[in-house]
Every structure is written in C-alpha cells, then in structure tokens.
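The structure appears below as structure tokens.
Here, each number is a calculation from the coordinates, and none is a lab measurement. Quick caveat: nothing in here was measured; it's all calculated off a predicted structure. In this analysis, Cβ positions are derived from the backbone assuming ideal geometry, glycine residues included, and neighbour counts consider all displayed protein chains.
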Amino acid sequence: MIEWMQTHRKWLVITIWVATIAFIGAGFVGWGQFNLASKSSTVAEINGNTEVSIQDVQEIYNNLFMDLNQKLGGKLDDATAEKLGLKQQAFKMAIEQGLLREYAKNLGLYVTDEEVAKAIIDTFKDTKTYKKYLQMNGLKAKEFEENLRKQLLVQKLTQALHLKPGKTETLSIASALYNADNISIRVINKNSVKVNINEDELKKFWEKNKDKYKSPEMYKIAIVKTPIKGVVTDKELKEYYENNKNEYKNENGEIIPFEKAVDKVKKDLLAKKSLRNAVLSYKKLKEGAKNYDLYTLPLNNNLIPSDKMQELINKGYLKPFIKDNFYISALLIEEIKPKPMPFQKARVYVLKDLLNIKTKDALINQAKYALKNFKGKNIGFVTKYDANKIKSLKPEEATEFLFNLFLSDKPKGFFLIPSQNPQKAVVYQITEQKLLDENKYKQNKAQIGILTENLLNSQAIDDLIKELMQKYHIKSYVK
C-alpha cells in the first residue's frame, strides 16, 4: 500500500471535513509526569521529522480519562486509571497519530492556514466565541491551531485512503449480523433459588475478605462560599447584554432578544460583580485565614462536582467556581485513607456479597440440571436483534442473551443474565441455523453498508499503522 501511494500521490484528491474539534487542553487530569531523557516537551520523534509532544499524549489521555470517567459515573481516579493502563494507551495512540502525520507529509499532504481558519469558523462560528473558548481553557491560539493542524492532516490522509466496500464485503458483514438460529429456551429465575447462611459462615467470609470492606476514602476540605448577590439597574443589564449578546443564543444559533434573556443576563452580571469578593475570599483562604467552613466529603458529593473534586485532589486547592447561587473556593486539608470496617459495620455488605455468591452457585447448578433434562419453549428463528420475540425476558435481558448466543459456538448451553449480577439463567438449545436472514438484510441494507465501510476503513488504517511501525524509525525520549 505504501509503495502504491508513493507512486500515485499526484492523483490523490483531498477534501476536508470537520464535524467537531475534540476536547483540547482542558487541564491535566491525573497525569503525573513523564521522565524524559531529552527534549523537555517531546516524547518521541518519527524519522527525525515528526515530533510527538507531551501535549499530544496529554490531550489523548484527557479524552480517554473523561470518557471512561463518564461511563463509570464519575468514579474513576488516578490509581484506577494507572491500573487500566490509560497512560500507556494514550502514549501508543499519540505515536500512531504521529506515524500517520509523517506518512501524510511523505505523500506531500499539508494543511494550509486557510483550511485551519475554515475549521475554526465552522466550529466556533465567530472570532469572539473562539477567543472566549481559548480563554476559558487557558490556551494560546498558536498552540490550539497547531494541534488542529495536526488533526486536519490526519483527516486528509484518512480521506485520501478511503475505501468503498464491494458486494462481497457487505454480504459478509450482513451474514455476521443477521444469521439466524431456531432456538428453544427455558428461563430459571433467581427468586426460585433458596440458600441459607448462618452467622458463623458470615463471619468466616468476612475474616477472609475483610480488606474488601473498607470505609470510603474521605477528604477534609476548607470551603468558602461567596454568595452571588447584589443590585443591578436596567441600564447595566442592557449594557451587559449588548456587549455579550453572542452568549445568548437559542438552539438554532439565533440571538435571544433582551426581554427573553433578561433573567440569564441578570444572573451572569451578578456573577461578574460578585467575582471580586470571591477572589478576595479565596486569597485569604490560601493565606491561612479562618474564613472557611470545614467539610468531610467523599469523592462523589452534592457540593463539589466530581471533576472539580479531582482537580482539588490533584492541585490541593480550587479557585472560585459557580455552584447554584454561590462561588465556591476550597483548600484540601487532609486525605482520609480507607480502613477496614469492623464486622458489625460491614455485616450488611458481607451478607449481600455472600448471598449473591451462594445464589449464583445454586442458579448454575439448577441450569446444569435443566440442560441435562432439557425441556424448553420453542421461540423459532431469531437473529441477535430479535429481543422482542423472547417474551419471558425483559428487553435488555433478551438483548444480552441473544448477543451471548451468537458469540457462542455451542449448540446447547446456558447463560447467566445479567452476567455481572445474575437474576436469571437462560438454558437454550439450537435446532437449526440460517446463514443470512434476507428480510433483515433488505430492511437494514443502508445501515449495513455504512457499517461495512467504517469497518473496512478502520481495518485499513490499522494495517497501515502496523506497516508504518515497521518502516519508520521511532525514537522515544521516555525513560
């Protein structure tokens, strides 16, 4: 592929498409520091020509961290991220992006200043919004635009290499999606399983697992609340609105008239007026004044949002931010580490865990017995998307069962549903199979085409990166 592209680069047609600009530089999230052997801001070089900066890695890490943190309900911390290898994953992805940029340069691709400007206008609509975004995130225009240029260069390359799937590829994906099984099932409910637990058994289980039952990590925090209040005149409101009217737009991007925006304008103006007092209170707090209230809070609480708590843990302080009708400033006083709970405090959690373990074991034994003496209800032919055909399961349960079924190569067996905290066992037997449900394929032909195209191009880029890994010289400055 590389040799072909080098030979035919003059025929490449490049187009640009920018849907969004990814999260960039919104503060370091639990990163720590690289140990660099050389070049303080460069973590790697490709062919001595393309640099991969620590900022490149940091931005990818931030995105990975925030995405996973959202999926975990705001419960992701630095230690967990470290165990999951987020740092290494971010470094690997940054190197891959660097490889693609170097390859794009070798093909003679580049991004003009006009293309960068167009991407900014397409995203932010006007210069004022763009500058405010930079200011809010503590970014310099030069750094932001250089990062954007890198992204656009990779987009140019991927569009130049874009492949269209043929009929064979599309039918292969369709068969994987819409092959059908004729199945019979029997559902065993958890509430039909009875288990007994005595106190001695409970204490033995706690003794064996007591390190699992710890008090939550808590944080002693000095907090200053500065109320957002004051008096504003109609004249001040109108002047503030006129100077900031681009901030008051509806969902269609149209500026909201003053009369309809006045409540929001008043709130924003009072926040602006109250900021000085909040900053003064924050400075006094950092200088050791006793102007605070002391709180002991877990990571997830109703006073400080989880992202701000993470910032507080990392930095040790929080500059004023708005929460409800207050500015909140904070100083971390003490981190209270978790410690094992005594049996009586841990008992309710221990009982729940042991009950789940014994119930799951009993459910498995019942499912094994039912499989040996199988008598199930025939559902007929189903694909992995026919959850509505299984009336004895809730929609989400049927969906999980069918996806497990079509991942399995066993003609009969059972699955615990849901897998993490089983409430049911579904025993099944497959009596017949069809390679492709033609009706399903016809109904979803357009979506299958898009999916096939995405999979084909994703695999092509993966293959290209593997080839570039072998072809290009990568020099790492990370110890």
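Counting only Cβ charges, +1 for Lys and Arg and -1 for Asp and Glu, the dipole size of the chain around its Cα centre is about 1480 debye. Computed over the chain, relative contact order equals 26 percent, with contacts defined as Cα pairs under 8 Å that lie 6+ residues apart. The value of relative contact order for the range 216-336, using C-alpha pairs under 8 Å at least six residues apart, is 47 percent. Kindly flag which residue pairs out of Lys245/Lys273; Lys132/Lys315; Lys372/Lys410; Lys128/Lys225; Lys190/Lys377; Lys75/Lys225 have an alpha-carbon separation exceeding 22 Å in this structure. Table pairs above 22 Å Cα-Cα are Lys132/Lys315; Lys128/Lys225; Lys75/Lys225. Each Lys and Arg adds +1 at its Cβ and each Asp and Glu adds -1 at its Cβ; summed about the Cα centre, the range 216-336 shows a dipole of about 480 debye. In summary, the aspartates and glutamates within cross-link reach of Lys210, defined as a Cα separation below 20 angstrom excluding same-chain residues under 8 places away, comprise Glu199, Asp200, Glu201, Asp353.
Quarter the surface of the alpha carbon convex hull of the chain and you get the mean projected area, 32.6 square nanometres. Model label sites at Lys323 and Leu435, defined 7 Å from Cα along the beta-carbon direction, differ in position by 6.1 nm.
Model label sites at Arg276 and Tyr349, defined 7 Å from Cα along the beta-carbon direction, differ in position by 4.9 nm. Each residue of the range 359-366 is assigned a 3J(HN,Hα), and the resulting list reads 5, 4, 4, 5, 5, 5, 5, 5 Hz, derived from the Karplus form 6.51 cos²θ - 1.76 cosθ + 1.60 (θ = phi - 60°), x at Gly and Pro. In this structure the amide hydrogen of Leu436, modeled in the peptide plane, comes within under 5 Å of the amide hydrogens of Ala180, none closer than 5 places in sequence on its chain.
Normalised Debye scattering of the range 60-99 at q = 0.34 Å⁻¹ gives log10 I(q)/I(0) of -1.13, counting only Cα atoms as equal scatterers and leaving out solvent.
For Lys266, the aspartates and glutamates whose Cα falls under 16 Å of its own Cα, not counting residues fewer than eight places away in the same chain, are Asp234, Glu236, Glu239, Glu242, Glu247, Asp324.
Descending by average beta-carbon neighbour count within 10 Å, the peptides 449-458, 175-184, 369-378 line up as 175-184, 449-458, 369-378, the highest first. You can think of it this way: the chain between Thr123 and Glu259 has 46.1 nm of extra reach, that is 0.36 nm per residue less the Cα-Cα gap. Its Cα centre serving as origin, the range 324-467 has a Cβ charge dipole (Lys and Arg +1, Asp and Glu -1) of approximately 1100 debye.
Distances between placed amide hydrogens fall under 5 Å for Tyr219 paired with Leu297, Ile336, all partners being 5 or more residues away or on another chain.
Annotation: extensible slack from Ala362 through Lys391 equals 8.0 nm (criterion: 0.36 nm per residue apart, minus Cα-Cα distance). Backbone geometry of the range 290-302 corresponds, through the Karplus equation with coefficients 6.51, -1.76 and 1.60 at θ = phi - 60°, to 3J(HN,Hα) couplings of 9, 9, 10, 10, 9, 10, 10, 10, x, 4, 9, 8, 8 Hz, x marking Gly and Pro.
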